[in-house]
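Here the structure comes first, spelled out in structure tokens, and everything after it is commentary.
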Amino acid sequence: QAPPPSPDAADPALGLFAQARASFRAGRADEALRLTDEVLATLPNDAVLHEFRALCLFALRRYDESAATLY
């Protein structure tokens, strides 16, 4: 496990995650996945981010990758 991020790093990352969720709701799963990957670079141990990443992959019909992300 990686050490927890500093609040200075986590706050911008959570803003990016909000953008990723908005992109997903707007039907842009590819953009949501890209933004989620950026957030995961800062918060690699966040289970919610990994779950959302799997949802993006599923929406993109990348089913094997989606399943692997959840396991």
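A few comments on the model shown:
- Remark on LEU43: its backbone amide H falls under 5 Å from none of the residues 5 or more positions apart or on other chains, H modelled at 1.01 Å from N.
- Neighbours of ARG62 by Cβ distance under 11 Å: Lys/Arg scored +1, Asp/Glu scored -1, total -1.
- Residue-by-residue Karplus 3J(HN,Hα) for the stretch 13-27, coefficients 6.51, -1.76, 1.60, Hz, glycine and proline x: 5, 5, x, 5, 5, 4, 5, 5, 5, 5, 4, 4, 4, 7, x
- Estimated FRET transfer efficiency (ALA22, ALA67; beta-carbon r; R0 30 Å; 0.05): 0.75
- Largest first, the three principal axis extents of the alpha carbons in the chain are 35, 27, 13 Å in whole numbers.
- The mean accessible area for residues of the stretch 6-71, using a 1.4 Å probe and ignoring ligands and nucleic acids, is 63 Å² per residue.
- Of the solvent-accessible surface of the chain, computed with a 1.4 Å probe over protein heavy atoms with every protein chain present, carbon and sulfur atoms account for 55 percent.
- Every helix of 4 or more DSSP H residues in the chain counts as -39500 (n - 2.57), and over all residues that averages to -24500 deg cm²/dmol at 222 nm.
- Charge tally for ARG34 (other residues, Cβ to Cβ under 11 Å; Lys, Arg +1; Asp, Glu -1): -2.
The values are calculated or read from the model by the stated rules, or taken from the named source; none is laboratory data. Just so we're clear, the structure is a prediction, and the values are computed from it rather than from any experiment. Don't worry about glycine lacking a Cβ; one is built from the backbone with ideal geometry, like all the others, and counts go over all protein chains shown. Calculation scope for accessible area: heavy atoms of the full protein, side chains included, ligands and nucleic acids excluded. Shrake-Rupley method; radii C 1.70, N 1.55, O 1.52, S 1.80 Å.
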